[in-house]
1. I need the shape label for segment 1-89. Rule: rounded when a/c is under 1.5, else prolate if a/b > b/c, else oblate, with a, b, c from the alpha carbon gyration tensor.
2. Scan the chain and note any complete DSSP helix (H) whose C-alpha atoms cover at least 18 Å along its axis and whose Kyte-Doolittle average is 1.6 or more.
3. Give me the number: length gained by fully extending S106 to L80, i.e. 0.36 nm times residue separation minus the C-alpha to C-alpha distance, one decimal in nm.
4. Taking a cut-off of 13 Å, what percent of all Cα-Cα pairs in segment 79-130 are separated by more than that?
5. May I ask you to derive the FRET efficiency for V158 and L14 from their Cβ-Cβ distance with R0 = 45 Å, giving the value to the nearest 0.05?
6. Where does each of 118-126, 24-32, 47-55 land if you order them by average Cβ count within 10 Å, highest first?
7. Rounded to the nearest whole Å², what accessible area per residue is found for segment 38-82 with the 1.4 Å probe?
8. With springs only between Cα atoms under 10 Å, which of L163, L45, L180 fluctuates most in a Gaussian network model of the chain?
Amino acid sequence: MLPFWIALQFLGSLPIRLPGMPRPEELGRSLLYYPLVGAVFGTLLLGFNTLLGGAPPMLHAALVLSAWVLLSGGPHLDGLADSADAWLGGFGDRERTLKIMKDPRSGPIAVVTLVLVLLLKFAAILALIESHASVWLLLAPVIGRAAMLGLFLGTPYVRSGGLGQALADHLPRGPGRKVLAATGERAVISAGV
């Protein structure tokens, strides 16, 4: 059960206290629980969405988006900002790109990227609210976290010693593929596709 708590602490801002520093093997196994963490977040978002049922749609969407960002703690937004800066500022030079990604400052490209992503997310949430398709508030966090598992399964880790090195090195690949397949199957069934 510890790998689940590791995943929940790493992917969100809920007050989770671990008994100590996790071992690399536990970090690797925590990836198997990423889709479940997405389901926890999605369930919380669905509950919040229900509480906001009578609010004006734009305010409703803005509050759901704010809750979503607060719930996740925003590390993915920070990573997106770093990636946007590095992609344009690295000019194809691997070392320069990695150096930019380590820089805590955000450049104008990072800010524009974040604004556009949050604007698109707001518009998508508004569309879901107006079309009464709230099941996607559950599915989007699940699919997003499952995609992270899929990336670790399918792509090489680029920076040795980086934050994800232990995850990449100790991910149990067979169970990871099974979790990914089961998550995809459940998402398709839930979406009614």
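The values are calculated or read from the model by the stated rules, or taken from the named source; none is laboratory data. Predicted model only: the values in this text are computed from it and were never measured. Don't worry about glycine lacking a Cβ; one is built from the backbone with ideal geometry, like all the others, and counts go over all protein chains shown. Surface areas here come from the heavy atoms of the whole protein model, side chains and all, with no ligands, DNA or RNA. Shrake-Rupley method; radii C 1.70, N 1.55, O 1.52, S 1.80 Å.
1. Oblate, because a/c is 1.5 or more while a/b does not exceed b/c.
2. 57-72, 108-130, 135-154
3. Working: separation 26, 0.36 × 26 = 9.36 nm, distance 1.05 nm.
Computed gain between S106 and L80 is 8.3 nm.
4. Details: 770 of 1326 pairs.
When every Cα pair of segment 79-130 is considered, 58 percent fall beyond 13 Å.
5. Here the calculated transfer efficiency is 0.95.
6. Highest mean packing first, the order is 24-32, 118-126, 47-55.
7. Numbers: 2100 Å² over 45 residues.
Solvent-accessible surface per residue comes out at 47 Å².
8. Top of the fluctuation ranking is L163.
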